[in-house]
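Worksheet: the structure to be examined is printed underneath.
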Amino acid sequence: METPYPKPISPSQTRIGWIGIGVMGAAMASHLLSAGYSLTIYARTPSKASSLQSQGAHLTNSPQELACQCDVVFTMVGNPQDVKQIVLETDGILSTLNPGAVIVDHTSSSPSLAREIYASACKKGCWSVDAPVSGGDIGAREGKLAIFAGGESSVVEWLKPLFDLMGRVTYMGEAGCGQSCKIGNQIMVGANLMGLSEGFVFAEKAGLDLRKYMESIRGGGAGSMAMELFGGRMIERDFKPGGFVEYMVKDLGLGVDVVKEDDDGKVVVLPGSALCKQLFSAMVANGDGKLGTQGLITVVERINGKLL
């Protein structure tokens with residue numbers, strides 16, 4: 001097999017692999033199929049692959065089998081533990097990845113794990129890019145995700161034709177910087193969701209029409225992308241997940257609990273994020289971990305005595 005990088009990416013020659021076809025992963029992968037790329041997928045639950053198969057994707061039996069057939073392998077799974085198992089374990093992607101191939105991890109994961117994967121890939125003559133995303137299910141479906149990339153700048157630039165199908169990529173720096181950017185993103189998103197939740201609960205208690213309330217403030221300083229994405233869903237009690245609450249707990253923990261990694265010198269005190277993590281953790285404790293993050297409003301409502 002010819003070394004894929006830095007041979008230009010093209011639908012006729014670049015073979016793509018994808019692992020992780022959940023709410024966002026499936027939508028992201030479908031954009032590659034629509035652009036004419038050959039796509040091989042692995043799914044722990046094969047039945048979930050039927051929609052992508054109907055678009056032309058090929059289903060394989062293991063990450064190892066997928067990796068040896070592909071030039072670029074994308075992963076979009078749940079947790080850092082899943083990433084480590086799929087990429088670094090003896091039966092993982094790196095065990096069969098061909099020299100010059102590239103791993104792109106879209107999972108919101110740990111900066112230190114991203115650096116470990118990068119180092120392990122380099123030892124095999126391969127490349128890795130940590131490229132977590134923001135924009136939720138709507139951004140994934142519309143190809144308008146914000147993509148934060150860490151690794152070699154030239155490799156990120158090489159991957160741009162693929163990233164452009166899914167959204168807008170920004171190169172953040174060396175390996176791990178993409179993940180650090182996503183953690184910072186989630187810190188801000190969590191704070192916005194907490195503000196939205198408390199604002200709506202206050203407005204409802206004050207007797208305001210929530211639709212009029214949101215329309216009146218969205219053009220001022222209180223307006224935000226979080227309001228545009230989640231405000232209407234909160235009012236309509238639409239808590240279907242664009243991203244699971246349990247993943248928000250994980251993401252905020254990567255910032256609040258960073259002392260658990262080898263990053264002691266980078267630890268900062270984040271009291272607001274710690275509170276946000278507690279509130280989202282309360283949702284998980286209430287059995288709502290699989291709801292969307294906009295469901296945070298239910299925690300504030302419960303605190304204020306509303307029966308749900």
Tell me the angle of helix 271-285 to the major Cα principal axis of the chain, expressed in degrees between 0 and 90 and rounded to the nearest ten.
90
A 1.4 Å probe over the protein heavy atoms gives the stretch 153-269 a carbon and sulfur accessible-area percentage of 57
Per residue of the stretch 231-237, in order, report the coupling 6.51 cos²θ - 1.76 cosθ + 1.60 (Karplus, θ = phi - 60°) as ³J(HN,Hα) in whole Hz, putting x for Gly and Pro.
x, x, 5, 4, 5, 7, 6
In Å², rounded to a whole number, the accessible area per residue of the stretch 203-286 with probe 1.4 Å is 56
Rel. contact order, % - alpha carbon contacts under 8 angstrom, at least six apart, the stretch 181-304
37
Skipping prolines and chain starts, which residues have an amide H placed within reach, meaning under 5 Å, of the one on ARG15, given they are 5 or more residues away or on another chain?
ASP71, VAL72
Can you give me the Cα centroid spacing of the stretch 84-103 and the stretch 159-204 in angstrom?
27
For the chain, whose charge dipole is built from +1 on Lys and Arg Cβ atoms and -1 on Asp and Glu Cβ atoms, the candidate among VAL129, LEU208, GLY36 with its Cα farthest towards the positive end is LEU208
From the protein chains alone at 1.4 Å, what is the descending order of accessible area for LEU229, LEU252, largest first?
LEU229, LEU252
With a 10 Å radius around each residue's Cβ, average the other Cβ atoms per peptide and rank 231-241, 202-212, 62-72, highest first.
62-72, 231-241, 202-212
Roughly how big is the chain's charge dipole about its Cα centre, with Cβ charges of +1 (Lys, Arg) and -1 (Asp, Glu), in debye to the nearest 20?
560
Relative contact order in percent for the stretch 16-175 (Cα pairs under 8 Å, 6+ apart) equals 20
Going by average Cβ neighbours within 10 Å, how do the peptides 121-131, 103-113 rank, with the highest at the top?
103-113, 121-131
Over the chain, what is the percentage of antiparallel beta bridges among all DSSP beta bridges, to the nearest 5?
15
How tilted is helix 111-123 with respect to the longest principal axis of the chain? Cα atoms for both, answer in degrees (0 to 90, nearest 10).
10
Charge dipole (the chain, unit charges on Cβ, about Cα centre) - positive-most of CYS70, VAL268, GLN186
GLN186
Looking at this model, which pairs from LYS123/LYS144; LYS124/LYS160; LYS48/LYS306; LYS48/LYS144; LYS7/LYS266; LYS123/LYS290 are more than 30 angstrom apart at the alpha-carbon?
LYS123/LYS144; LYS48/LYS306; LYS7/LYS266; LYS123/LYS290
With -39,500 (n - 2.57) per DSSP H segment of 4 or more residues and division by the full residue count of the chain, the 222 nm estimate, nearest 500 deg cm²/dmol, is -13000 deg cm²/dmol
Ordering LEU270, LEU279 by how much accessible area each has at a 1.4 Å probe, largest first, what is the list?
LEU270, LEU279
Using only alpha carbons, build the gyration tensor for the chain and give me the equivalent ellipsoid semi-axes, biggest first, whole Å.
36, 21, 17
Apportionment of accessible area to carbon and sulfur, the stretch 1-135, percent (1.4 Å):
50
To the nearest 10 Å², what's GLU142's accessible area with a 1.4 Å probe?
110
Give the aspartates and glutamates reachable from LYS240 as a straight Cα distance under 13 Å; neighbours fewer than 8 places away on the same chain don't count.
ASP137, ASP288
So what is the relative contact order of the chain, in percent, for Cα pairs below 8 Å that sit 6 or more residues apart?
14
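The values are calculated or read from the model by the stated rules, or taken from the named source; none is laboratory data. Computed from a prediction, not measured in an experiment: that's the story for all the values here. Ideal geometry is used to build each Cβ from the backbone, glycine not excepted, and the neighbour counts take in all protein chains shown. Heavy atoms of the whole protein, side chains included, go into the accessibility calculation; ligands, DNA and RNA do not. Shrake-Rupley method; radii C 1.70, N 1.55, O 1.52, S 1.80 Å.
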